Amino acid sequence: MSLAAFLAELDELQSAGQRALDEAQDAAALEAARVEFLGAKSGRLKALQKQLGAVPPSDKPAAGKRFNELKQALDAALEGARQRVESQRAAAVDTTFDPSLPGNTRPLGRLHPLTQTIQELQEIMGRLGFSVADGPEVEDEFHNFEALNIPAAHPARDPLENFYLSTAGKVVGGPYLLRSQTSTVQIRVMEQTRPPVRVISLGRVYRPDTADATHYPMFHQIEGLLVDRRVTMADLKSVLRLFAQSYFGGDVHIRFRPSFFPFTEPSVEVDMTWHQGWIEMGGAGMVDPHVLAAVGYDPDEYTGFAFGLGVERVCARRHGVADIRDFYRNDVRFLRQF
Ligand code: DAH
C-alpha cells in the first residue's frame, strides 16, 4: 500500500470518527462510536494500524507519525464528547429544585368567627338537650309582634324602628318586615309542636340602627325556648349559667336585672362577667301566659322560659373584639386570627 493511499484512508477515518463522536447525543451512542472507531479488538483504528505493515519501509516513519496523530486526535475527541454528553445530562436535571426549601403552602380558608360561634353555641345547647329550629328572615307582623304580645300601638312597631318591606297591598298576608328579633321562631315552633318544647334558634335580625362599635343594622341572636310542666325561673338561670360557663370557661358569672319584655313575665336582662366588668348579653324571662295562649298552649298546665342573647356580643367578649363592625369588614387580617 502506498503512503498516499494509507494517508487517504487515515484522513477518511479521522473525519468519520470525528463526526460520529460529535454527533453522539447520549452515553449509549457515544459508547457505540467509541467501539466502532477506537475498539481495541475490531475498531477501525485497529484495522488501519494493521495496514501500516503494508506501507513501504521508507514511508513507515511518516505513516507512523500521522497514525499516532490520528489516534491522539480521536482520543481527544472522545474525551471532549464525553464531557459534552455529561454536561447535557446534568443540565437536563432541574437544578432549580431544592428539596431543603419549605413547600408552597396553599392558603386555606376558615369559617367566619360568627359562624364558628354559632356552631359552638349550637353544640353547647345541644348538650343541654336543645334542638335547633329555624325561621324566615322576612316575617309578618303576627310572628314578629302580635303573637309576642306586642300590640299595634307599641313603640317597637314604629316603622322607623324596623325594616318594613314596601310590599304592602301587593302581597297577601303583609305587611312584611325583616325580623327584628329571633323571638319570632318561638311562635313558629310552638304553632307546630305540642309541649314539651326545648329549642334554640340562631340567626340574623335587622334594625335600622346606625353602625357603631356596639351596633350594626344586621346582627345575630341566639334564642332559647323551653316549655314544659313546672318550669321555673331557677331552670332559666341554671341553663344560662351552664351555657355561659361552657362558652367562656368556669370563671364566668351571670346576674339577672329586672326588666320588661312584652312576651315574658317576669322579664330580666342577663349580664355576664368574665375576668372583669359586667356586660349585658340579652334578655330573658318566663314566657308570658298570653303568648302561650296565642299558640294554643294551656297556661295553667305549662310554663316556660325564653332568652335572647347577642351572638356578636358573646363572641366579641370572649375574643376581646372592641368594635363589632370588625366582624363585617371582611378584612382578612382580622378574620385570620380566629
Ligand atoms: N327579643 C329580645 C330582643 O331582641 C330579646 C329577648 C328578651 C328574647 C327576652 C327573649 C326573651 O326570648 O325572653 O331584645
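The values are calculated or read from the model by the stated rules, or taken from the named source; none is laboratory data. Treat the numbers as computed from the prediction; the structure is a model and nothing was measured. Positions of Cβ are backbone-derived with ideal geometry, glycine not excepted, and every protein chain shown enters the neighbour counts. Surface areas here come from the heavy atoms of the whole protein model, side chains and all, with no ligands, DNA or RNA. Shrake-Rupley method; radii C 1.70, N 1.55, O 1.52, S 1.80 Å.
Table for the structure above
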| item | result |
| --- | --- |
| Hits in region 281-296 - residues which are more than 14 Å from the ligand (Cβ to nearest atom) and more than 45 Å from the chain's Cα centre (by Cα) | Ala293, Gly296 |
| Residues of region 139-164 classified as surrounded by 15 or more Cβ atoms within 10 Å (Cβ to Cβ) and of a type outside the set (D, E, K, R), total | 11 |
| Out of Arg106, Arg82, sole residue that is part of a helix (DSSP H, G or I) and of a type in the set (Lys, Arg) | Arg82 |
| Those residues of region 113-134 which are closer than 19 Å to Glu312 by Cβ, of a type outside the set (Val, Ile, Thr) and open to solvent by less than 50 Å² (accessible area, probe 1.4 Å), in sequence order | Pro113, Leu114, Leu121, Met125 |
| Test: residue in region 102-115 that is away from the ligand (no atom under 16 Å from the Cβ), at pLDDT 95 or above, touching a Phe, Trp or Tyr at 6+ places or on another chain (Cβ under 9 Å) and not aliphatic (A, V, I, L, M) | yes |
| Within region 246-280, considering residues that are near the ligand (Cβ under 9 Å from one of its atoms) and open to solvent by less than 20 Å² (accessible area, probe 1.4 Å), the one nearest to Val189 (Cα to Cα) | Thr264 |
| Single condition Ile324 does not satisfy, out of (1) open to solvent by less than 50 Å² (accessible area, probe 1.4 Å); (2) under 26 Å from the mean Cα position of the chain (by Cα); (3) more than 16 Å from the ligand (Cβ to nearest atom) | (3) |
| Leading residue by the ranking (least open to solvent (accessible area, probe 1.4 Å)) among those in region 298-321 that are over 19 Å from Tyr247 (Cβ atoms) and out of contact with any Lys or Arg (no Cβ under 8 Å at 6 or more places or on another chain) | Gly304 |
| In region 189-237, the residues that are open to solvent by less than 20 Å² (accessible area, probe 1.4 Å), away from the ligand (no atom under 12 Å from the Cβ) and charged (D, E, K, R) | none |
| Hits in region 72-81 - residues which are open to solvent by 60 Å² or more (accessible area, probe 1.4 Å) and within 11 Å of Gln18 (Cα to Cα) | Asp75, Ala76 |
